[in-house]
Amino acid sequence: MKGRRYLSDRIFRGIFLFAALFAAAMIVLLLVFVTVRGIQPFLPSYPERQSILPFLTGMRWRADQGVYGVGFIIINTLVGSILGGLLALPLAVLSAIVIGRIAPPKISQALTTVVETLAAIPSVVYGVFAAGKITALVDDIASTFGISTYGGSSQLAVILLLAIMTYPTMTSLTISGIKAVPLTLDSASLALGATKMETYFKVVIPGARSSIFAGFSLGLGRAFGEATAVSMVAGNALIGPTTSLFERTRTLTSTILAGLHETVGLDYDIRFSVGVVLMIIILVTNAMIFGVKRHFDKKAEGK
Amino acid sequence: MTKLSKGKNLLSKILIFTMILSLAIVSFACDTSEEPEPTDAPTEAPTEAPTEPAGSAEIHVYSRDSASGTREGFESVVGFADELTDLASEVASNGEMANQVGNDEAAIGYVSLTTNFEENNLKPLAYNGVEPSVEATVSGDYTLARPFAYTTRASGDYESDEKEQIVEALVAFLTQSTEGLEAVFDAGGIVEVSSGTPWEELKDDYAIVDQDNSHLEITTGGSTSVEKAVLAALESFQVHAGNVQFTMDQTGSGDGWARVLGDEKDGPNGKDIGFASRNFKDKEPTEDALASGVFCQDAIVVVVHAANSYVDDVSKDDLYAIFTNATTDWAEVAK
C-alpha cells in the first residue's frame, strides 16, 4: 500500500516536472526562433543586408524604399506605453482600495466582476471602440487648441487606449494584493490614531506593493504587446519621433503586423528583427520595474 | 513601525506624483504642441477656396501599407514607385482606410471600388471627369484601373491534348461563365457578372469537364496581384471541371508572358497559363496563344471625407502632386 502511494507520488511529480519544463522550453524556443530569424537581415550572407546601427537609430520607416529605421518607433512605443501605464496606475490602485476595503461586500463583488470582464474583452473590440470614440474625443480636444489632427489618430489616442486596456490587469492584481493585507494591521493603525485615509495610503498600499508592481509590469507588458487596437488609432506615421501628443505615432507591434500576410523577403524578415527589439525593451523595462520594487522593499525593511 | 512608515510614505508620494505628472504631461503637451505645428504646413491662407470648411485646409494623405496590392495598383496607375510623402499615414486594410478617411475632413485616400462609400462617410472622386462605377470600368472610360490580362500557350504546345482542352475550358469559365465572373467579382476583380452565361450552357462545348480530371494539373504564373481573383476562379472551376488540380506560382507580371510564350516556356518554370496586371506589351506578342485577353479590371477609387467641398474630380497630375507632397493645401487642388 505504502509502495503504491510512493509510486503514484513519483509519477505525478514527473508529470508536474514535465509541465514546468514544457512551459520553460516554449519560452526558450520562442526566444531562439525569433532571435535567429531577427538577426538574419544583418548577416553578411543576406542578399539585401541591412546595417544594424541605421536600423536601430533610423527615424524613417519606408518599406517601399527599403528604408527600415526603428529608432523613432522605439521612442514612440516607450512613451505611449509608459504614459498609458502611468495613467492607469493611480486609477487602478484607488479603485482597488474601494473594492478591497471601502465598498460593502455586495458592491465590491459587483465591481470585481466588472473589472474582470474588462480584462476579458478582446483587444480588437477595444480597437473598434477607440477608433470611433477615443479618436473623436482627441480630435475635439485638439480642435479646441486649434490643432488639426488626422481624424484623432495620435499619440494621445494611443495613451488613452492603453490606459483603458491596462487598467483591468493592474486593478485585479492590486485587489488581490490589498485583500491579502491583514485587517489587523488596519485596526492597529486606526487604534494608533491614524485616520482611515492615512491607513489606506500608509499601511494598506505599501503592504500590497508587491502586487502593485506585478500588476504594473503585467499591464505594461500588455501595453507593449498590443498591436491590433493600437494600429487602429496610431495613424502609423512613416517618420518620427512624435513630439506632440496630437501627432501621429507608430508602435513596434503595429509595424510588425501591418501587411504581414502579404509580404515576403526582407520586408518579412525585418519584422522578426523588430520583434527582437520589442523583446529587449520589455525585458529592460521589467528589470527596471523590478529594480524600483527592490528599492521600496529595502526602504520598507529599513535597510 | 517608524521604520516601516518611511518606505510607505515614499510609495504613496510616488503614487500621487505619477498621477499629477500624467495629468500635467497631458495638459502641458497641449500647450507646447501649438507652436511647432504650423511649421509642418505652409501658413499662407487659402485664398480662393470656394466654400471653405472649418479648420485648416491642409491635406492629410493616407496610404495602404507597402505590401498592399491596392497600393501597388494605385501607385502604378498614378505613376510613382517610392515617392510617397513621408507625411502619409499608413493603414492596414481597405476597411480601415474607409474608416479613417471618413473620420478626417482633411483626408485623401484610396479604396477598392467595392467599398460602401455612404456608410463610411466618404465622397468618391471622379478621375479625369469620369465617375467610378463597374460599368465605366468595364467599358474602359474610368481609367484609375488596371487590366488583369491572361494568355495561354500556343495551340499544340501543351504536353497533352487533354491539357489543352482543360485550359480552353478554364479560359471560357474565367471570362464567360456566370460562376467564373462571380468568383472573380467576389475576390475584388471588376467584371460585369450579368454578362455571363451559366456554365451549364457553356460546358457543352468542353466535353473534357465531364470526366474525372484529378490527374490533370494546371499551372499558373505571372503577376502576384491577380492571385486572389484567379485563385477564386480556379477553386470554383475545380468543382465544375472534374476535380482538376492546379498550382499557382505567381512571381510578377514580367513572368506571365515569358513562362508561357517566351524564353522560359520550355524550361522548368514553364506554365500553362500566364497573367499580368497590365496589358501585354508589344514585345510580348500573344498572337500564337490559344487565347489571350483581359479577364477583369482592378479599379481603385480616390476618396475624401464626405464634407470635403474642395474637389469632386481629380486628374493623374493632381494625385501625383498630392501624394508626393508637392501640393499640401486643398485650396490649391480646388483651383
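The values are calculated or read from the model by the stated rules, or taken from the named source; none is laboratory data. Here the structure is a predicted model, which means the values were calculated and not measured. When we count neighbours, we look across all protein chains shown, and the Cβ atoms used for this are built from the backbone with ideal geometry, even at glycine. When the accessible area is computed, the model is the full protein with side chains, heavy atoms only, and any ligands, DNA or RNA have been set aside. Shrake-Rupley method; radii C 1.70, N 1.55, O 1.52, S 1.80 Å.
Observations on the structure shown:
- About its Cα centre, the dipole of the stretch B:146-298 is roughly 640 debye, where the only charges are +1 on Lys and Arg Cβ and -1 on Asp and Glu Cβ.
- Counting only alpha carbon atoms, the long axis of helix A:266-301 and the longest principal axis of chain A meet at about 30°.
- Those aspartates and glutamates that a straight Cα-Cα span of less than 18 Å connects to B:K283, excepting residues fewer than 8 apart in one chain: B:D255, B:D263, B:E264
- Tilt relative to chain A, helix A:2-39 - C-alpha long axis, 0 to 90 degrees, to 10: 30 degrees
- B:I190 long-range amide H proximity, modeled H, under 5 Å: B:Q297, B:D298, B:A299
- Per-residue mean of foreign Cβ neighbours for B:60-71 is 5 (Cβ atoms of other chains, 10 Å radius).
- Bins of 10 Å, starting at 0 and running to the largest distance - Cα pair percent for chain A: 6, 21, 26, 23, 15, 7, 2, 0, 0
- 1.4 Å probe, heavy atoms, protein only - residues of the stretch A:251-265 losing at least 40 Å² accessible area vs chain alone: A:E262
- For the stretch A:1-49, diffusion coefficient by Stokes-Einstein and Kirkwood Rh (Cα), 20 °C, 1.002 mPa s, µm²/s: 153 µm²/s
- Non-local lysine pairs in chain A, meaning eight or more places apart or on different chains, with alpha-carbon distances under 22 Å, amount to 10.
- Backbone HN-Hα couplings from phi across the stretch A:100-106 [Karplus 6.51/-1.76/1.60, Hz, Gly and Pro as x]: x, 10, 7, 5, x, x, 5
- The protection proxy used here, the mean number of other Cβ atoms lying within 10 Å of each residue, ranks peptides A:211-222, A:6-17 as follows, highest first: A:211-222, A:6-17.
- Semi-axis lengths (Å, descending) of the ellipsoid that matches the C-alpha gyration tensor of the protein assembly as shown: 55, 34, 22
- C-alpha long axis of helix A:71-97 to longest principal axis of chain A, angle in °: 20 degrees
- Long-range amide H partners of B:G293 with built H, under 5 Å: B:Y150
- Separation between Cα centres of the stretch B:86-101 and the stretch B:272-333, rounded to whole Å: 18 Å
- Volume per residue for the stretch B:146-298 equals 96 cubic angstrom (convex hull of Cα atoms).
- The stretch A:70-124 versus the stretch B:117-139: alpha-carbon centroid distance in Å: 45 Å
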